[in-house]
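Working notes for the structure below.
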Amino acid sequence: MSAPTPETAENSDRARTSLEALRNEIAKAVVGQDPAVTGLVVALLCRGHVLLEGVPGVAKTLLVRALAASLELDTKRVQFTPDLMPSDVTGSLVYDTRTSEFSFQQGPVFTNLLLADEINRTPPKTQSSLLEAMEERQVTVDGTPRLLPEPFLVAATQNPVEYEGTYPLPEAQLDRFLLKLTVPLPSREDEIDVLTRHAEGFNPRDLEAAGVRPVAGPADLAAARAAVAKVSVSAEIAGYVVDICRATRESPSLTLGASPRGATALLSTARAWAWLTGRDYVIPDDVKALALPTLRHRIQLRPEAEMEGVTADSVITAILAHVPVPR
């Protein structure tokens with residue numbers, strides 16, 4: 001691999017600085033969710049989609065809105081409800097009485113950052129309306145494919161499936177999310193910080209008043225993605241990623257392991273993390289750092305294991321502890 005030119009290195013450093021500023025800007029609105037913020041940045045670098053899961057009231061929607069406010073990108077929000085139709089997301093043909101012809105009216109999916117709020121509160125038929133958009137980055141209506149803007153990212157929030165009124169996402173759609181990020185309840189100190197901000201006048205519906213400003217745009221993303229694409233991966237690291245994913249397929253606690261798409265996703269996120277931390281090569285710790293959010297939604301527990309309290313995270317953690325690490 002050829003050495004980067006000074007100009008390329010400068011662009012890479014500038015892009016990294018912009019994305020670090022992005023993380024700091026989001027922190028003006030969201031307290032104590034640094035792993036989720038980092039996950040969103042990694043997804044932007046990998047051109048991937050993100051599923052945010054947590055109980056109501058832990059700032060999942062605010063997190064995505066703060067990301068949108070920190071970027072110079074077009075953004076739209078869809079509140080997923082039981083009566084939402086696929087055409088409400090993708091758009092539909094509308095009859096124009098003036099021309100006596102049908103014209104296509106774009107749905108909210110035609111944007112750079114789509115916030116799919118509470119995606120698992122709508123039936124599978126409407127959930128599946130995003131499948132083509134997420135994978136092919138286009139929407140086909142009446143046989144005509146229509147390209148989506150670039151960049152395009154779906155940031156979906158969902159409540160835990162144990163909650164009433166939720167529809168589990170199908171495996172095919174889950175596999176199209178690059179990362180599944182859990183948004184936990186805040187610590188006591190962070191929750192006090194949240195209340196203090198509200199007491200001082202913070203309004204989560206007015207991020208501009210909170211001081212959140214755009215600090216990165218499409219040019220920064222393009223430069224960052226170009227730099228990530230040059231992060232080198234040794235044969236040993238590629239083998240390590242494959243061994244981890246193959247171990248999920250052999251786990252007695254699982255009925256479904258990570259597919260080759262999952263292995264590809266883990267390699268992509270590890271490269272993005274390596275670049276964010278200032279390296280142009282991947283080490284095993286990069287793979288370990290992203291294994292949980294990249295793989296937890298791509299595996300399926302056996303019912304008996306679930307009854308015993310086994311979780312997807314605990315299975316992946318055990319696998320990471322047993323798969324030999326390359327030296």
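The values are calculated or read from the model by the stated rules, or taken from the named source; none is laboratory data. Model, not experiment: these values are computed from the prediction. Backbone-built Cβ (ideal geometry, glycine too); neighbour counts: all protein chains shown. To get the accessible areas, we keep the full protein, side chains included, count just its heavy atoms, and leave off ligands, DNA and RNA. Shrake-Rupley method; radii C 1.70, N 1.55, O 1.52, S 1.80 Å.
Table for the structure above
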read-out	value
The listed residue being touching a His at 6+ places or on another chain (Cβ under 8 Å) and either open to solvent by 20 Å² or more (accessible area, probe 1.4 Å) or closer than 16 Å to residue 181 by Cβ (or both), out of 247, 265, 289	247
Condition met for residue 139 (assigned to a strand (DSSP E or B), at pLDDT 90 or above and within 16 Å of the chain's Cα centre (by Cα))	no
Failed criterion for residue 195 (all others in (1) within 19 Å of the chain's Cα centre (by Cα); (2) assigned to a helix (DSSP H, G or I) hold)	(1)
Residues that are under 23 Å from residue 168 (Cα atoms) and open to solvent by 60 Å² or more (accessible area, probe 1.4 Å), drawn from segment 63-82	77, 79, 82
Close pairs (7 angstrom Cβ cut-off, 6 or more residues apart or separate chains): within 22 Å of residue 33 (Cα to Cα) and among the β-branched types (Val, Ile, Thr) in segment 66-92, open to solvent by less than 50 Å² (accessible area, probe 1.4 Å) and in a loop (DSSP other than H, G, I, E, B) anywhere	75/111; 75/112
Residue count, segment 86-143 (criterion: open to solvent by 40 Å² or more (accessible area, probe 1.4 Å) and more than 21 Å from residue 178 (Cα to Cα))	20
Checklist (1) touching a residue at least 12 places away in the same chain (Cβ under 8 Å); (2) more than 30 Å from residue 71 (Cβ to Cβ) applied to residue 158, failing item	(2)
Residue count, segment 144-199 (criterion: modelled with pLDDT of 90 or more, among the charged types (D, E, K, R) and open to solvent by 80 Å² or more (accessible area, probe 1.4 Å))	3
Failed criterion for residue 306 (all others in (1) open to solvent by less than 20 Å² (accessible area, probe 1.4 Å); (2) in a helix (DSSP H, G or I); (3) at pLDDT below 95 hold)	(1)
Selected residue [under 20 Å from the mean Cα position of the chain (by Cα), in contact (Cβ under 8 Å) with a residue 40 or more places away in the chain and either in a loop (DSSP other than H, G, I, E, B) or farther than 26 Å from residue 54 by Cα (or both)] from 151, 204	151
Verdict on residue 271 being within 23 Å of residue 40 (Cβ to Cβ), open to solvent by 40 Å² or more (accessible area, probe 1.4 Å) and either touching a strand residue (DSSP E or B) at 6+ places or on another chain (Cβ under 8 Å) or modelled with pLDDT under 95 (or both)	no
Inter-residue pairs, beta-carbon under 6 Å, first assigned to a loop (DSSP other than H, G, I, E, B) and in segment 231-260, second small (Gly, Ala, Ser), 6+ apart	231/274; 253/305
Which listed residue is small (Gly, Ala, Ser), open to solvent by less than 50 Å² (accessible area, probe 1.4 Å) and under 18 Å from the mean Cα position of the chain (by Cα), from 36, 29, 21	36
Residue within segment 135-143 that is touching a Leu at 6+ places or on another chain (Cβ under 6 Å) and closer than 24 Å to residue 43 by Cα present	yes
